[in-house]
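Here is the structure we will look at.
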Amino acid sequence: MILHRPISRRHVLRTGAAFTALSALSPARMAMADSTGDPFVLRAASGQAALRPSPYGPTNVWSYNGSVPGPEIRVRQGDRLLVLAQNGLDEGTTIHWHGIRTPNAMDGVPFLTQDPIPVNGDFLYEFDALDAGTFWYHPHQRSSEQVGRGLYGPLIVEEVDPIRVDRDLTWMLDDWRMTRAGQLSDDFGNRHDAMHGGRIGNSVTINGEIPERISVQSGERIRLRLINAANARIFGLDFGDFEPVVVALDGQTVTPHAPDGGVVVIGPAMRVDLVIDMTGKPGEAVTVTDVFYEGLEYRLVDLVYGPDRLRDSVPDWSMDLPPNPLAEPDMASAARHQIVFNGGMMGQMMMGSGMGSMMDQMREGNMWFINGEAATGHMMDPLLVLPQGTSHVFEMDNRTAWHHPIHFHGHSFRVIARNGQPTRYREWQDTVLMAPEERVEIAFVADNPGDWMFHCHILEHQAAGMMGVIRVDPGTTKT
Ligand code: C2O
Ligand code: CU
């Protein structure tokens, strides 16, 4: 797929000088469960960030608490999160806690679950961390631009009884569209991006820095939490000589397994937790390459072994994370629903009924459709009304020529099958990447009452209509 501008790290990394190991790769950690009960403050405001290494100057961004990513919020499973969101932007905003099962009123969806936080206003988010795992936060208001300018941060919920590793690292990946002057290109929401693969950029950062090398130690075991905060870029990471083991997807434990074809694929908003044993020798280096877009592979970063050796053999510690308390769908009684995605360039818009209506909507600038409807805002009639407590299967059909990471709020779902083939690792996800023309079945218990967004997490697709609401109705009794 060569339908976007090629990445060129070169124009920001022209010197060829060896940059020193990144200091900021372990962002400040926040101990949230403080006994005072004071909320943790997250303030959204414009500022600057050193996305490019020196001697290049800073880039104007929007960020939380002055840093990109925003502070890593780290709590223990079962803790109560108390976050006071302050709006220092010039427009309304919200915070959505991606992947976390919150009460509906804490979900941060403007107009649907709360009014946007006004300029200079604030909003107190408060909920329990039911599930351990790797999550993140970002605005849900005009997210293509607000997230695209740097508003996002990691939210890590530690297991009460975690797996043993030597280091627990978070890599929050992002992709920026920068001008030659090192500023963000301000063509947010342009029509070409919306009709194609979204806003693909030209500069990839790990934890807000264009990385050159990261130090590791021979013999150590690392838990690497990957979070894709990009608007649109899909990553396919090849870890070279390493043998990464996937231990969690979207925060939820999965049967530990080697990634398919050795490549760790992460669509926008998705998370993958890896366990990697550093089996090389002191002084060696391993290159991590992003190979997702054919013909546009590039070196993401080098992992460089320091002089010391921590241990000689690979530890035999368990990689099985404890499961979260998710309700198992009852496949025998599950109601089945067809969900068809249409639109974009080169799509099969012409299939089925409702084509005329989609053409009309396209004339109004909506380009993506779920069951023939394009969303024009966050408030809409629900696509589906599901009685609380009942099991459901969504038979999702991507009738487009594009990938779509489809996200459902307030729930995690089992990914049951792809193109009719059962999945293998008991995948629980909150965002599932659908390949062009792919059919994916997901199953879940509608156990969290409220109106929940169901949308593509390519933020330009979401803005151009690929969004719907699913209502979990506490008042409807099971039949
Ligand atoms: Cu990550 Cu609807 O959001
Ligand atoms: Cu999409």
Problem set entry | Dipole axis of the chain (+1 Lys, Arg; -1 Asp, Glu on Cβ), positive-most option in Ile156, Gly236, Leu384 | Gly236
For this session: Mind jotting down the distance between the C-alpha centroids of the range 272-342 and the range 373-390, whole Å?
Result: 33
Exercise. Do the sum for the chain: with -39,500 (n - 2.57) for every DSSP H run of n ≥ 4, divided by all residues, what is the mean residue ellipticity at 222 nm, to the nearest 500 deg cm²/dmol?
Worked result: -1000 deg cm²/dmol
Seminar exercise, completed: Across 20 Å bins beginning at 0, the whole-percent shares of Cα-Cα pair distances in the chain come to 24, 60, 15, 0
Seminar exercise, completed: Here, the range 42-192 modelled as identical Cα point scatterers in vacuum has Debye log10 I(q)/I(0) at q = 0.15 Å⁻¹ of -0.82
Exercise. Ratio of the range 167-309's C-alpha Rg to 2.2 N^0.38 Å, to two decimals?
Worked result: 1.10
Problem set entry | Dipole of the range 375-479, positive direction: furthest Cα of Cys456, His407, Gln429, with charges on the beta-carbon | Gln429
For this session: Compute the Cα gyration tensor for the range 335-476, then decide on rounded, prolate or oblate, letting a ≥ b ≥ c be the square roots of its eigenvalues: rounded whenever a/c is under 1.5, prolate when a/b is larger than b/c in the other cases, and oblate in all that remain.
Result: oblate
Problem set entry | Potential lengthening between Asp302 and Ala50 on full extension [0.36 nm per residue; Cα-Cα distance subtracted] | 88.7 nm
Problem set entry | Positive-end residue of Tyr293, Ile416, Ser218, charge dipole of the chain with Cβ unit charges | Tyr293
Seminar exercise, completed: The size of the Cβ-based charge dipole (Lys, Arg +1; Asp, Glu -1) of the range 69-156 about the Cα centre, to the nearest 20 debye, is 220
Problem set entry | Zone residues, the range 243-278, relative to Arg311, backbone N less than 14 Å from point 7 Å out along Cα-to-Cβ | 276-278
Problem set entry | Value of relative contact order over the range 24-158, rounded to a whole percent, pairs C-alpha under 8 Å and six or more apart | 28
Exercise. Taking all protein chains as present, what is the carbon and sulfur share of the accessible area of the range 167-309, in % to the nearest whole number, probe 1.4 Å?
Worked result: 47
Exercise. Looking at the square roots a ≥ b ≥ c of the eigenvalues of the Cα gyration tensor of the range 430-479, which shape do they give, rounded for a/c under 1.5, prolate if a/b is larger than b/c, or oblate?
Worked result: oblate
For this session: Considering Cα pairs under 8 angstrom that are at least six residues apart, work out the relative contact order of the range 167-309 and quote it in whole percent.
Result: 27
Seminar exercise, completed: the range 305-429: antiparallel bridges as % of DSSP beta bridges, rounded to 5, reads 55
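The values are calculated or read from the model by the stated rules, or taken from the named source; none is laboratory data. Just so it is clear, the structure is predicted and the values come from calculations on it, not from any experiment. Every residue, glycine as well, gets a Cβ built from its backbone with ideal geometry; the counts of neighbours run over all protein chains shown. SASA here: full protein model, heavy atoms, side chains in, ligands and nucleic acids out. Shrake-Rupley method; radii C 1.70, N 1.55, O 1.52, S 1.80 Å.
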